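A.B. asks: There's a structure below that I have some questions on.
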Amino acid sequence: FYGMVFQDSDVAKWLEAVAYSLETHPNPKLEKLADETIDLIGRAQLEDGYLNTYYIINGIDKRWTNLQECHELYCAGHMIEAGVAYYKATGKRKLLDIVCRFADHIETVFGPEPGKKKGYPGHQEIELALFKLYEVTGEEKYLNLAKFFIDERGKEPYYFDIEWEERGKTEHFHGMRDLGRQYAQAHLPVRQQTKAVGHAVRAVYMYTAMADIASETEDKELLKACKILWDNIVTKQMYITGGIGSMAHGEAFSYDYDLPNDTAYAETCAAIGLIFFAWRMLKIEPNRCYADVIEKALYNNVLAGMSLDGKRFFYVNPLEVVPEACEKNGTKMHVKPTRQKWFPCACCPPNLSRLIASLGQYIYTHQGDTLYIHQYIDNKSSMEFCGGNMCVTQKTDYPWDEKIDIELALQGEKEFTLALRIPEWCKNPQVSINGQIVEIGDNTKNGYAILNRIWKDGDKIQLLLPMEVLRMRSNPAVRENIGRVALQYGPIIYCLEEVDNGPDLHEVKLPLDVEFEAKFDEDLLGGINIIEVEGERVDGKWPDEFLYSSDIDITYNTSKLTFIPYYAWDNRGMGEM
C-alpha cells in the first residue's frame, strides 16, 4: 500500500536509466522492453491527460486533494523526466507526448489564474522536471508552471492547511502533518530561506529547480537564495562522504554541525539530489566548489548505496556500524548493518541507476570559448564547440591512478581556452601539453587551470593529480568527531571493516607519527586502492565484573590496520565498519 503511492516514479526512473544507457550502449532487447512499458503507460493514461495509477485504481475523485502527503506531482515529475530523456536518447516521441498531455492537464489545475488551485507539491520534483520539458519543447507554459510552484511555496494562507480542511481533516500517512512546515520547506517563501531544513531529498530537488529557473529568468534574488542554501549545506550540514540529511526522523536535515556517524541517515537519494543541485550551480558558475562536491558525493555516498554486484542497496548510509547496535529488543533500527534486496519505497535503486547511466552528462560544460573539464572519467565525447565539432578523449584509471591523458580531435586549428578542474585535495598538480610541462602558476580561476592557446588536431594534454593520504578533521563544532580523523586518498574516503581488522574497531587508535602505504589490490573488491598503516589497539579485555574502575590501566599494542574505500564496505559479509 505504501509503495503504491510511489510506484509510478520508480518505473519512470527505470525508464530514464534505460534512456541514458541506450544513448551510449544500443540494446534492441532493452529498447523493445522500454517501448512495451511505454505502450502500457499510454493505455493507462486518462483522456484528460491524467496519469497516476494509485488514484486511477483507488478513486479518481480523490485526485489533487492531498498534495502534502501523497505524491501525485512527484510521480508526475519523474515521468516527465523519463519522457524527456527517452526522446533525447531515441528520438521517439510517444512517452514525450504522454507526459506533455499530463503536464497540460496539470497546468489546467494549478496556477495563479482564477479557478485554479494555488497548491504545490508536498514532495518537490516536478519543478525541475517541468524545466526540462520546457527546454526540450520550447513551451513557456511549462517554465511558467515550474516557476509558479516555486513562487507559491511558503505563502500564506498555508495551502496544506486549506486542503486538509477541504478533505475533512483526514490523513493518508498518520503523523505526516506533525512533521511541520519545515519538513517540506514550506515554512517561508523560498527566497527568504537561508538554512537547509526538513526532508533532505525534497530540499535539494527544490534547490535544483530554483537554480534552473534563476538562470533562465535571470532572477538574481532566487540565485542568491540558492548560493546561501548551498553554503549552509556544504559548510555546516554535509558529511565528509557527501551525504546529507543526518536525521532519521523525517529523513531530514537537523541543525548546523549535527553530524552523528552511527545514526547518520544520509539517504542515497539525497546525495544524488545534491549532485543535481551542484550540477545546476556549476553550469551557472564554473567553480571548483560545485564540481568537488559532485565528485565527493559520487565516489563515496552514492556508490555506497549499491553492492558491487548491483543486487543489494542501502537506503541510508551510516559512517559507523556495529551490527548488534542496529537491533534493539528484536526491532530493527533505521540503520541497517547490511544492504537490502529492495524497499517498499524503492526510490533509491532506480535513482542510483539513472545517475550512473547519465554520468556522461557531468563531465564537460562550455561557456563562450572556454571548455571546462569537471570530472576525470575514461570517455570519448563529441560536442559542438566554437562553431564546429570537437571530440575529447580521456584515458585514465582515476581515481585509482593520478594520471589523466586528454586528446583533442579538431577540424583544423582553433583558439580557445581549456579549463581543467584541480580538486581541492590536490596540492601539487602538474600539466603538460604534447610532452612539455606547462607552469600553472597564477593561471587558475575558481579552482580551474586555465590553458589558452591555438589548439591543433591531435594535441595531447596530460594532467597529474598527485595523491597522498590525508588526515581529514572536522570543524570542532561537530561534537561527534572531536579527537577523530577520516582518511582520504584522492577523492576517496576510507573506512575500517571488521573482515580486515577484527571486531571492536572503536578500540583502534591512529598515532600521529605513522606512515601510510597506499597500494592497488587488483584482487580485492573489483580492484581498489587500499591503505595500510601500523596503528594501535587496546591490549586485552576489561574484566567483566567492572563497568567502571580507577585501578585498571588501558594499554595499547601495535596493530596493522587496513582501510578500504567507504563505498566498498559490506560486500564481504556482515560486520563492524
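A.B. asks: Tally time: how many residues in segment 14-62 are β-branched (Val, Ile, Thr) and surrounded by fewer than 16 Cβ atoms within 10 Å (Cβ to Cβ)?
C.D. replies: So the first thing to find is which residues in segment 14-62 are β-branched (Val, Ile, Thr), and the list is 18, 24, 37-38, 41, 53, 56-57, 60.
Imposing the further condition that a residue be surrounded by fewer than 16 Cβ atoms within 10 Å (Cβ to Cβ) reduces the set to 24, 53, 56-57, 60.
Selection size over segment 14-62: 5.
A.B. asks: Can you tell me which of (1) open to solvent by less than 70 Å² (accessible area, probe 1.4 Å); (2) in a loop (DSSP other than H, G, I, E, B); (3) more than 27 Å from residue 456 (Cα to Cα) is the one residue 353 doesn't meet?
C.D. replies: Unmet condition: (2).
A.B. asks: On to the next question. Identify the single condition in (1) acidic (Asp, Glu); (2) surrounded by fewer than 24 Cβ atoms within 10 Å (Cβ to Cβ); (3) under 30 Å from residue 24 (Cβ atoms) that residue 152 does not satisfy, given that it satisfies every other one.
C.D. replies: (3)
A.B. asks: Of all residues in segment 215-264, how many are modelled with pLDDT of 95 or more, closer than 27 Å to residue 353 by Cα and hydroxyl-bearing (Ser, Thr, Tyr)?
C.D. replies: Total satisfying the criteria: 3.
A.B. asks: Given the residues 170, 137, which is the only one that is open to solvent by 60 Å² or more (accessible area, probe 1.4 Å), farther than 22 Å from residue 234 by Cα and among the β-branched types (Val, Ile, Thr)?
C.D. replies: Details: 137 fails: open to solvent by 60 Å² or more (accessible area, probe 1.4 Å).
From the options 170, 137, the qualifying one is 170.
A.B. asks: In this structure, does residue 552 turn out to be out of contact with any strand residue (DSSP E or B) (no Cβ under 9 Å at 6 or more places or on another chain) and of a type in the set (A, V, I, L, M, F, W, C)?
C.D. replies: Working: out of contact with any strand residue (DSSP E or B) (no Cβ under 9 Å at 6 or more places or on another chain): yes; of a type in the set (A, V, I, L, M, F, W, C): yes.
Yes.
Conditions (1) in contact with a strand residue (DSSP E or B) (Cβ under 7 Å, 6 or more places away or on another chain); (2) closer than 16 Å to residue 289 by Cα; (3) not hydroxyl-bearing (Ser, Thr, Tyr), marked per residue:
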{"residue": "206", "(1), (2), (3)": "no, no, yes"}
{"residue": "210", "(1), (2), (3)": "no, no, yes"}
{"residue": "215", "(1), (2), (3)": "no, no, no"}
{"residue": "218", "(1), (2), (3)": "no, no, yes"}
{"residue": "226", "(1), (2), (3)": "no, yes, yes"}
{"residue": "230", "(1), (2), (3)": "no, yes, yes"}
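A.B. asks: Of the numbered conditions (1) in contact (Cβ under 8 Å) with a residue 24 or more places away in the chain; (2) more than 23 Å from residue 199 (Cα to Cα); (3) open to solvent by 60 Å² or more (accessible area, probe 1.4 Å), residue 93 satisfies every one except a single condition; which is it?
C.D. replies: Answer for residue 93: the failing condition is (1).
A.B. asks: Residues of segment 63-73 being in a helix (DSSP H, G or I) and out of contact with any helix residue (DSSP H, G or I) (no Cβ under 6 Å at 6 or more places or on another chain), which ones? Write out each step before concluding.
C.D. replies: First pass over segment 63-73, keeping only residues in a helix (DSSP H, G or I): 72-73.
Scanning segment 63-73 gives a single hit, 72.
A.B. asks: Turning to a different aspect of this structure: In this structure, is residue 247 of a type in the set (A, V, I, L, M, F, W, C), free of Cβ contacts under 8 Å to residues at least 40 places away in the same chain and under 18 Å from residue 318 (Cα atoms)? Break it down into steps so the answer makes sense when it comes.
C.D. replies: Working: of a type in the set (A, V, I, L, M, F, W, C): yes; free of Cβ contacts under 8 Å to residues at least 40 places away in the same chain: yes; under 18 Å from residue 318 (Cα atoms): yes.
Spelling it out, residue 247 is indeed of a type in the set (A, V, I, L, M, F, W, C), free of Cβ contacts under 8 Å to residues at least 40 places away in the same chain and under 18 Å from residue 318 (Cα atoms).
A.B. asks: Within segment 240-254, does at least one residue satisfy the condition of being in contact with a Phe, Trp or Tyr (Cβ under 6 Å, 6 or more places away or on another chain), of a type in the set (A, V, I, L, M) and either open to solvent by less than 10 Å² (accessible area, probe 1.4 Å) or in a loop (DSSP other than H, G, I, E, B) (or both)?
C.D. replies: yes
A.B. asks: Can you tell which of 498, 480, 439 is open to solvent by 30 Å² or more (accessible area, probe 1.4 Å) and free of Cβ contacts under 8 Å to residues at least 40 places away in the same chain? First the steps, then the outcome.
C.D. replies: Values: 498 fails: free of Cβ contacts under 8 Å to residues at least 40 places away in the same chain; 480 fails: free of Cβ contacts under 8 Å to residues at least 40 places away in the same chain.
Of 498, 480, 439, the one residue that is open to solvent by 30 Å² or more (accessible area, probe 1.4 Å) and free of Cβ contacts under 8 Å to residues at least 40 places away in the same chain is 439.
A.B. asks: Do the conditions hold for residue 183, that is, is it of a type in the set (Phe, Trp, Tyr), out of contact with any helix residue (DSSP H, G or I) (no Cβ under 7 Å at 6 or more places or on another chain) and crowded, with 20+ Cβ neighbours inside 10 Å?
C.D. replies: Values: of a type in the set (Phe, Trp, Tyr): yes; out of contact with any helix residue (DSSP H, G or I) (no Cβ under 7 Å at 6 or more places or on another chain): yes; crowded, with 20+ Cβ neighbours inside 10 Å: yes.
Spelling it out, residue 183 is indeed of a type in the set (Phe, Trp, Tyr), out of contact with any helix residue (DSSP H, G or I) (no Cβ under 7 Å at 6 or more places or on another chain) and crowded, with 20+ Cβ neighbours inside 10 Å.
A.B. asks: For residue 415, indicate whether it is touching a Gly at 6+ places or on another chain (Cβ under 9 Å), open to solvent by 90 Å² or more (accessible area, probe 1.4 Å) and either part of a strand (DSSP E or B) or under 22 Å from residue 398 (Cα atoms) (or both). Explain how you work it out, then say what you get.
C.D. replies: Values: touching a Gly at 6+ places or on another chain (Cβ under 9 Å): no; open to solvent by 90 Å² or more (accessible area, probe 1.4 Å): yes; either part of a strand (DSSP E or B) or under 22 Å from residue 398 (Cα atoms) (or both): yes.
Answer is no for this residue.
A.B. asks: While we're looking at this one, here's another question. Exactly one of (1) under 27 Å from residue 219 (Cα atoms); (2) open to solvent by less than 10 Å² (accessible area, probe 1.4 Å) is unmet by residue 86. Its number?
C.D. replies: (1)
A.B. asks: Output the qualifying pairs, or none if there are none: Cβ atoms under 7 angstrom, residues six or more apart or on different chains, first residue in segment 122-138 and over 22 Å from residue 67 (Cβ atoms) and in a helix (DSSP H, G or I), second residue open to solvent by 40 Å² or more (accessible area, probe 1.4 Å) and at pLDDT below 95.
C.D. replies: none
A.B. asks: While we're looking at this one, here's another question. Could you count how many residues in segment 1-55 are among the charged types (D, E, K, R) and in contact (Cβ under 8 Å) with a residue 60 or more places away in the chain? Before you say what the answer is, go through the steps one by one.
C.D. replies: Taking segment 1-55 as the starting set, the residues that turn out to be among the charged types (D, E, K, R) are 8, 10, 13, 16, 23, 29, 31-32, 35-36, 39, 43, 47-48.
Retained after the next criterion (residues that are in contact (Cβ under 8 Å) with a residue 60 or more places away in the chain): 8, 10, 13, 16, 23.
Selection size over segment 1-55: 5.
A.B. asks: Tell me which residues, restricted to segment 483-495, are without any contact (Cβ under 8 Å) to a residue 60 or more places away in the chain and not basic (Lys, Arg). Give the derivation first.
C.D. replies: Kept after step one, since they are without any contact (Cβ under 8 Å) to a residue 60 or more places away in the chain, are these residues of segment 483-495: 483-485, 489.
Within segment 483-495, 483, 485, 489 qualify.
The values are calculated or read from the model by the stated rules, or taken from the named source; none is laboratory data. These numbers were taken from a predicted model, which means no experiment stands behind them. Heads up, the Cβs are rebuilt from the backbone with ideal geometry, glycines too, and the neighbour counts pull from every protein chain shown. Only protein heavy atoms, including side chains, enter the accessible area calculation; ligands, DNA and RNA are left aside. Shrake-Rupley method; radii C 1.70, N 1.55, O 1.52, S 1.80 Å.
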